[in-house]
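Undergrad: Got a structure here, written out as structure tokens. Questions coming.
Quick note: the coordinates plus some simple rules give every number you see, no bench work behind them. Predicted, not measured: the structure shown is a model, and the values here were computed from it. Note that each Cβ is placed from the backbone with ideal geometry, even for glycine, and that neighbours are counted across all protein chains shown.
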Amino acid sequence: MSRNIAANIVIALCLILCQVLICNHIMLFNVAMAFIFIYVIVALPIDLKADWLLTIAFFCGLIVDVFSNTPGVNSLSCTLLAIMKQPVFYAYVPRDDRTKSISPSLRDLGFGVYGKYLLTMSAIYCVLAFTIEYFNFADVKEIVIMSAASALLTFLVLLGLDSLIVKK
């Protein structure tokens, strides 16, 4: 168990470091940014207690906020994403004893279910982040374009990342 926790901490730190040092400085076609650090929240076990999930999500967002100079945008978006995690998961997966202790992954859920879950989570995060960042609806067209493009890019990068990270 402690080996699993240590591995998750190392993965989280690596993803946050990659987000801060690499992904925050790359804007594809000036509209799409990959948010790879949300994989930490998306891949946590479904049966993780809500207080732990919210705390982990908040601190992941806070670390990215501190190093990205985005006061509270990622913290709030990650916390709201953590709140939406179980309802989104159970929208695609039937609620039973087998799915209670599952950690969402491509290997465990298959491409269809995991793809829908991951795309929905990416879209939720991107819509929240860009809406909070702009904080007005004068630029609705820009918010929608950036959210859709970033959600798609994030989805593709996280799908590849999930294929690389092998959990036993």
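Undergrad: Report the charge-dipole magnitude of the chain in Debye, nearest 20, computed about the Cα centre from +1 at each Lys and Arg Cβ and -1 at each Asp and Glu Cβ.
TA: 520
Undergrad: Given a Förster radius of 25 Å and the C-beta distance between Lys100 and Leu13 as r, what FRET efficiency does 1/(1 + (r/R0)^6) yield to the nearest 0.05?
TA: Efficiency, from the Cβ-Cβ distance: 0.35.
Undergrad: How much length, in nm to one decimal, is gained on full extension between Phe67 and Ala6, taken as 0.36 nm per residue of separation minus their Cα-Cα distance?
TA: Going from the current span to full extension adds 19.7 nm.
Undergrad: Give the Kirkwood hydrodynamic radius (Å, one decimal) of segment 54-101, defined as one over the mean of 1/r across all pairs of different Cα atoms.
TA: Over segment 54-101, the inverse of the mean reciprocal pair distance is 11.8 Å.
Undergrad: Stick to Cα atoms and the Kirkwood definition of Rh, then tell me Rg/Rh for segment 14-90.
TA: Rg divided by Rh gives 0.99.
Undergrad: Please name which of Phe58, Ala7, Leu118 has its Cα lying farthest along the dipole of the chain towards the positive end, using unit charges on Cβ (Lys, Arg +1; Asp, Glu -1) and the Cα centre as origin.
TA: Of the options given, the answer is Ala7.
Undergrad: In segment 30-48, which residues have a backbone nitrogen under 18 Å from the label point lying 7 Å from Lys141's Cα in the Cα-to-Cβ direction?
TA: From segment 30-48, the list is 30-32.
Undergrad: Between Arg107 and Val31, what is the label-to-label distance in nm when each label sits 7 Å out along the Cα-to-Cβ direction?
TA: Taking the two extended label points, one gets 3.6 nm.
Undergrad: Lys and Arg at +1, Asp and Glu at -1: add these up for the other residues within a Cβ distance under 14 Å of Glu133 and post the number.
TA: Residues near Glu133 contribute -3 overall.
Undergrad: Dividing the convex hull volume of the Cα atoms of segment 2-164 by its residue count, what figure in Å³ per residue is obtained?
TA: Hull volume over Cα atoms, normalised by residue count, gives 116 Å³.
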